[in-house]
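These notes concern the structure reproduced below.
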Amino acid sequence: MKIAVIGTGAVGSLFAANLSLLDDVEVWAFDLNELHVAAINRSGLRLSGAGDVVGRPRATSDAAELPPCDFGIVATKAMHTEPAIAATAHAFADGCVATVQNGLGNEETIVRHVERVIRGTTFPAGKLLEPGHVQWDVKGDTTLGPYDKGTPLAEVERLADACTRAGMPAHAVEDARGPQWRKVIFNASTNPIGALTGLTHGRVCERPDLRALVTGLVDEGKAVAAAQGIELDADPEELIDHAARKDVAYDHKASMLQDVEARRQTEVDYLNGGIVRFGREGGVPTPLNAAIQALVKGVEASWMQS
Amino acid sequence: MTRVVVAGAGSIGSLLAAHLARVADVTVLTRREEHAAALREQGLRVSGRGDFTARLEATTDPAALPADAELAILACKGTDLDPLAARLEGTLPGATVMTIQNGLGAEEVVAAHGEWPLLSAVTFMSGTRHGDAHVEYVLDTATWIGPYRGTTEADARRVAELIEAGGLKAQAFPDLRPAQWSKLIFNATVNGVAALTGLPHDFHFAQTEEPSDLGHLVRDLVDEGKAVAAAAGVELHDDPWEMNVLATQRGHRHFPSMLEDVEARRPTELESINGALVREAERNGVPVPLQTALYRLVKAREASYSE
């Protein structure tokens, strides 16, 4: 079986390195970062931290080099989905493409280029330390499900099985929207609050007035999910409070706060913006998510000024 | 000549003191002795829209203020008003006291510290301080004045005329609340959004092409403020949305004080502006979810200074 990972930042690298350890899988890593690609081809793709692995995927920045694949795993930042899948779609003419990205709307973008799409939500995380080397911060599960009737569940199961055998536990389910929306609501309700205030997750949650604002955002997200008949697989409120514990993620700076501090474009359009868009389509008002999206977009616009 | 005290010499206090010194005997009350000394020795230079150096008295000691002053303008930041008014207790027996802070509630703060007749003012002019003895006059928009306690529109008019004679713009109103609330809603919206986004008050604040453009949020915040004003029985003097659009069309990037405060990690005037509006909303039973979110976010931003 051939699998191409599209976008090998931290999460993509976790999939590419681990899957490349399987004897029956040939793994390709597609990334525009040529230093990263050269390092992978020279010395392998190294993971350290939660697991120590040196994988040997074949890496390239040239989409034309990709062979026909059984599966694609798209792991770019959400704003890069369109160019990434447009460049690589030829490799998946007879395959299925899974997204393990953050936010809402990635499946809709991918399905414009390939027929069979798999909705995915993944929890492992890490960061790129240097070309060819990724720090694996936390292990976690991945849930995969067919995006629509065009994707056979048996194919989803085949990909989930490969991931699980490679040490990246994955479940195939009929409807993967529950975990996806649970993660989106969690991220959309907490990440931008950290980004706008500069506070860590724990400090956001211990301010009762700010925690109430988080609940306002969660409630809008839940209402939009409910209007589409999506059943969340867990209550985002409980996960938010759990993460705020001192022994869990009290001191964690949300990725969006890290993006803002480094003046990198954020994924707010795919988190709060996604909730607003699905809300508009379903007739569910989302004024707080719209306000938060506009404020974070304003932060991004302020970088153009100086 | 009329004797006037200007307490607090930030950019607004400096602009008022320098211009009034051309038509009145002005004494400035400062917090720092070097500041008072610089004013006494060098005078107060005005550049920008003005070009002159005013001669005036300056002191840090409230007891040294002239007992026969007829007018005292408290021009400090809202966060410094209560301690300033406390220092003035028992002084200025013949003076009418005028507040000019942003937001709401300045008059009540001062009223608690003395029996002075009170005038309210809001100002739309702006300046930039370039040191203790030099202020640049930037925006030459007006200062609006109205009666508050023990004063009439005629008293407000006399002060407006004095300020105009000094070379600034001023206008008297029978009731200042319509203007004060227009500015309150404008400031709560524009200053809060600027503080959180880092954007100066520029074209983004009126942009409404894309659904996620900032102008929609600004308009929604203004609409919440208008609903509060209506419930409080205040008929606004100006539409804060139009004030916003006009200001963004001046082609001049204004950095609201709340943005400058947040960037310098100083306490902001959040409580007397956004806090005042949220409390008025609660008192009048008007839901303001967006203004409440803005208020909480800026408050949390201040709490993050210690991170």
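Has segment B:125-139 got at least one residue that is at pLDDT 95 or above, open to solvent by less than 20 Å² (accessible area, probe 1.4 Å) and not in a strand (DSSP E or B)? Yes.
Note on segment B:11-37: residues that are touching a strand residue (DSSP E or B) at 6+ places or on another chain (Cβ under 8 Å) and closer than 18 Å to B:Phe52 by Cα amount to 17. Selection of segment A:154-200 for residues being basic (Lys, Arg) and either within 14 Å of chain B (Cβ to nearest Cβ) or under 21 Å from A:Pro236 (Cα atoms) (or both) yields A:Arg177, A:Arg182, A:Lys183. Within segment B:165-189, the set of residues being more than 20 Å from B:Leu118 (Cα to Cα) and either among the acidic types (Asp, Glu) or open to solvent by 70 Å² or more (accessible area, probe 1.4 Å) (or both) comprises just one member, B:Lys169. The condition (being under 26 Å from A:Arg177 (Cα atoms) and open to solvent by less than 40 Å² (accessible area, probe 1.4 Å)) is satisfied by just one residue among A:Gly55, A:Gly103, A:Gly44, A:Gly51: A:Gly103. The set of residues in segment A:123-163 being part of a helix (DSSP H, G or I) and either open to solvent by 10 Å² or more (accessible area, probe 1.4 Å) or more than 25 Å from A:Ala93 (Cβ to Cβ) (or both) consists of A:Leu153, A:Ala154, A:Glu155, A:Glu157, A:Arg158, A:Asp161. With respect to (1) within 13 Å of chain B (Cβ to nearest Cβ); (2) open to solvent by 60 Å² or more (accessible area, probe 1.4 Å); (3) over 26 Å from B:Leu259 (Cβ atoms), the lone exception for A:Glu220 is condition (2). Within the set B:Leu88, B:Leu39, the sole residue that is surrounded by 23 or more Cβ atoms within 10 Å (Cβ to Cβ) and modelled with pLDDT of 95 or more turns out to be B:Leu39. Residues that are over 20 Å from the mean Cα position of the chain (by Cα), surrounded by 18 or more Cβ atoms within 10 Å (Cβ to Cβ) and modelled with pLDDT under 95 do not occur anywhere in segment B:236-250.
Counting only helices (runs of 4 or more DSSP H) that fall entirely inside segment B:192-305 and contain at least 3 residues that are away from every other protein chain (no Cβ under 11 Å), the qualifying elements are B:214-231, B:240-248, B:257-263, B:276-283. Residues considered: B:Thr59, B:Thr79, B:Thr53. Of these, the only one that is open to solvent by 10 Å² or more (accessible area, probe 1.4 Å), in contact (Cβ under 8 Å) with a residue 60 or more places away in the chain and hydroxyl-bearing (Ser, Thr, Tyr) is B:Thr79. Taken over segment B:285-303, the criterion of being over 25 Å from B:Ala231 (Cα atoms) and open to solvent by 30 Å² or more (accessible area, probe 1.4 Å) is satisfied by B:Lys299, B:Arg301, B:Glu302. Checking segment A:228-251 against the condition returns no match, with no residue being at the interface with chain B (Cβ under 9 Å from one of its Cβ atoms) and surrounded by fewer than 17 Cβ atoms within 10 Å (Cβ to Cβ).
The values are calculated or read from the model by the stated rules, or taken from the named source; none is laboratory data. Please read all numbers here as calculations on a predicted model, not as lab measurements. Note: ideal-geometry Cβ built from the backbone for every residue, glycine included; neighbour counts use all protein chains shown. Surface areas here come from the heavy atoms of the whole protein model, side chains and all, with no ligands, DNA or RNA. Shrake-Rupley method; radii C 1.70, N 1.55, O 1.52, S 1.80 Å.
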